[in-house]
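*Asks:* So that we are looking at the same thing, I have put the structure below in structure tokens.
The values are calculated or read from the model by the stated rules, or taken from the named source; none is laboratory data. If you're wondering where the values come from, they're calculated on a predicted model, not measured in any experiment. Here the Cβ positions follow ideal geometry from the backbone for every residue, glycine too, while neighbour counts run over all protein chains shown.
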Amino acid sequence: MADAGMLRFHVPEPEVRPGGTPDFSNVPIPKAGSAPRPEIDVDPRTIRDMAFSIIRVLNRDGEAVGPWAGLLSDEELLEGLRHMMTLRSFDARMQMAQRQGKTSFYMQHLGEEAVSCAFRKALAAGDMNFPTYRQAGLLIADGYSMVTMMNQIYSNEADPLKGRQLPIMYSSKEHGFFSISGNLATQYIQAVGWAMASAISNDSKIAAAWIGDGSTAESDFHSALVFASTYKAPVILNVVNNQWAISTFQGIARGGSGTFAARGLGFGIPALRVDGNDYLAVHAVAKWAAERARANLGPTLIEYVTYRAGAHSSSDDPSAYRPKAESDAWPLGDPVIRLKNHLIQKGVWSNERHAQAEAEILETVIAAQKEAESHGTLHAGGKPSTRDMFEGLYAEMPPHLRRQRQQAGV
Ligand SMILES: Cc1ncc(C[n+]2csc(CCOP(=O)(O)OP(=O)(O)O)c2C)c(N)n1
Ligand SMILES: [Mg+2]
């Protein structure tokens, strides 16, 4: 009774700290195939519980089960596997290049490859993603040149962005990949605005917004949901819940709502939670949301439940804030291994072919790296010209910049 009336400040705590035993017993994992597949014009109020469950297709035996299965052919699945393996190989090489001083910075996708690789295959040409830094799979799965990506990472003479962007902040209008902004959550308002413009001009293109669990705490996320809800914008609202925002666990940004998907409910937006390490489930759910958007049924919010197995970036050391073996304990497994096992189970893949594909992919990535490095790296070889710094922004250059350009002699 001594402290009756005394207020206590509440700070959510992660289950475990470094040195402790990883514990995901608080993450309930529904059986694969158990989630229903509603019609796309479902009344959002009747599927509220889907914001608290997890849609899964691949079961523990590698079989694809339930109403969300069966959308992709064997060829498409084999291609998807190759995309994820390529992204993983690309990441490993570029992470190494950062350690060798060839670039100042890199960010990996380890463990999250299914999210962006499978999502891309649910969109059509001309649709526009507003990605964060952890969706390079959108480019890989759309056939964007790895050499061009590496040129950007190296800020070399062939960098299409001419050294003006942080490494990994790609941009490609042709591949539906809006220029990445380091200011997180801005992607949400931009995507919703772009989608509204598409509807206003009676176009057929839809937008996809991307955000991480931590960044949903930004007000841009909430403002975007208001506009998307009110104007039924043709947009897919993606939340990648990889459990961590640098060193902050997801419980901080999630607050008391139980899940990130539940954020959609207050706005009357259908909200689905999906196994983010299940290529088939990600693709099926994204396809459902894309069909809704294209049929003028408005936005869908999707929470991808996944785990950031790597460090946040090349500047981060996760051993300072989470147990080392935590990623091994993650109950949804590894997206590459799960799709590989599914294809082996179907009889269209084998361990030998997988090992061979791994070697071939590595060779392709190394060849791309050699070509990119012939155009320069951070401290060696060709660089964008100083003149580039002054160009590409103003239709008519202001006098003070013209003077500076003259002073620089370019
Ligand atoms: C508006 C804004 N605030 C803070 C940062 C610094 N920052 C960069 S990444 C990051 C963590 C983001 O975590 P999350 O949204 O979960 O994405 P993840 O890195 O896990 O993919 C922060 C805080 C930023 N870039 N932009
Ligand atoms: Mg995160």
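*Asks:* Within region 252-273, work out how many residues are within 12 Å of ligand 2 (Cβ to nearest atom) and either farther than 22 Å from residue 47 by Cβ or modelled with pLDDT under 95 (or both).
*Replies:* Qualifying residue count for the region: 2.
*Asks:* Related question: Within region 154-171, can you find the residues that are among the hydroxyl-bearing types (Ser, Thr, Tyr) and within 15 Å of the chain's Cα centre (by Cα)?
*Replies:* Going residue by residue through region 154-171, those that are among the hydroxyl-bearing types (Ser, Thr, Tyr) are 154-155, 170-171.
If the condition is that a residue be among the hydroxyl-bearing types (Ser, Thr, Tyr) and within 15 Å of the chain's Cα centre (by Cα), then 170, 171 are the ones that fit.
*Asks:* For the structure I just gave you, tell me whether residue 174 is of a type outside the set (A, V, I, L, M), over 13 Å from the mean Cα position of the chain (by Cα), more than 16 Å from ligand 2 (Cβ to nearest atom) and more than 24 Å from residue 282 (Cβ to Cβ). Lay out the reasoning, then the answer.
*Replies:* Working: of a type outside the set (A, V, I, L, M): yes; over 13 Å from the mean Cα position of the chain (by Cα): yes; more than 16 Å from ligand 2 (Cβ to nearest atom): yes; more than 24 Å from residue 282 (Cβ to Cβ): no.
No.
*Asks:* Continuing with this model, one more query. For region 270-304, what are the residues that are surrounded by fewer than 22 Cβ atoms within 10 Å (Cβ to Cβ) and of a type in the set (A, V, I, L, M, F, W, C)?
*Replies:* Matches in region 270-304: 290, 295, 297.
*Asks:* Tell me the residue from 79, 75 that is assigned by TED's automatic domain parsing to the domain that holds residue 284, within 23 Å of the chain's Cα centre (by Cα), without any contact (Cβ under 8 Å) to a residue 24 or more places away in the chain and more than 30 Å from residue 256 (Cβ to Cβ), please. Working first, answer last.
*Replies:* Working: 75 fails: within 23 Å of the chain's Cα centre (by Cα).
Residue meeting the stated conditions: 79.
*Asks:* Please find, within region 182-237, the residue that is farthest from ligand 2 (Cβ to nearest atom) out of those that are farther than 24 Å from residue 121 by Cβ and among the acidic types (Asp, Glu).
*Replies:* Across region 182-237, the extreme among qualifying residues is 220.
*Asks:* Of the residues 240, 282, which single one is of a type in the set (Val, Ile, Thr), within 15 Å of ligand 2 (Cβ to nearest atom) and within 15 Å of the chain's Cα centre (by Cα)? If you could, list the steps in order and put the result at the bottom.
*Replies:* On the way: 282 fails: within 15 Å of ligand 2 (Cβ to nearest atom).
Going through 240, 282 in turn, just one is of a type in the set (Val, Ile, Thr), within 15 Å of ligand 2 (Cβ to nearest atom) and within 15 Å of the chain's Cα centre (by Cα): 240.
*Asks:* I've got another one for you. Go through the residues of region 232-247 one by one and say whether even a single one is under 16 Å from residue 111 (Cα atoms), in contact (Cβ under 8 Å) with a residue 24 or more places away in the chain and more than 16 Å from ligand 1 (Cβ to nearest atom).
*Replies:* First, pick out the residues of region 232-247 that are under 16 Å from residue 111 (Cα atoms): 239-246.
With the extra rule that they be in contact (Cβ under 8 Å) with a residue 24 or more places away in the chain, the set shrinks to 239-246.
If we keep only those that are more than 16 Å from ligand 1 (Cβ to nearest atom) as well, we get none.
Within region 232-247 (the criterion being under 16 Å from residue 111 (Cα atoms), in contact (Cβ under 8 Å) with a residue 24 or more places away in the chain and more than 16 Å from ligand 1 (Cβ to nearest atom)), the answer is no, since none of the residues qualifies.
*Asks:* Same structure, new question: Among the residues that make up region 210-217, is at least one of them touching a residue at least 12 places away in the same chain (Cβ under 8 Å), near ligand 1 (Cβ under 10 Å from one of its atoms) and either under 18 Å from residue 16 (Cβ atoms) or not assigned by TED's automatic domain parsing to the domain that holds residue 318 (or both)? Working first, answer last.
*Replies:* Pass one, region 210-217, residues touching a residue at least 12 places away in the same chain (Cβ under 8 Å): 210-217.
After this cut, where a residue has to be near ligand 1 (Cβ under 10 Å from one of its atoms) as well, the list is 210-217.
Now drop any that are not either under 18 Å from residue 16 (Cβ atoms) or not assigned by TED's automatic domain parsing to the domain that holds residue 318 (or both), which leaves 213.
Yes, the conditions are met somewhere in region 210-217.
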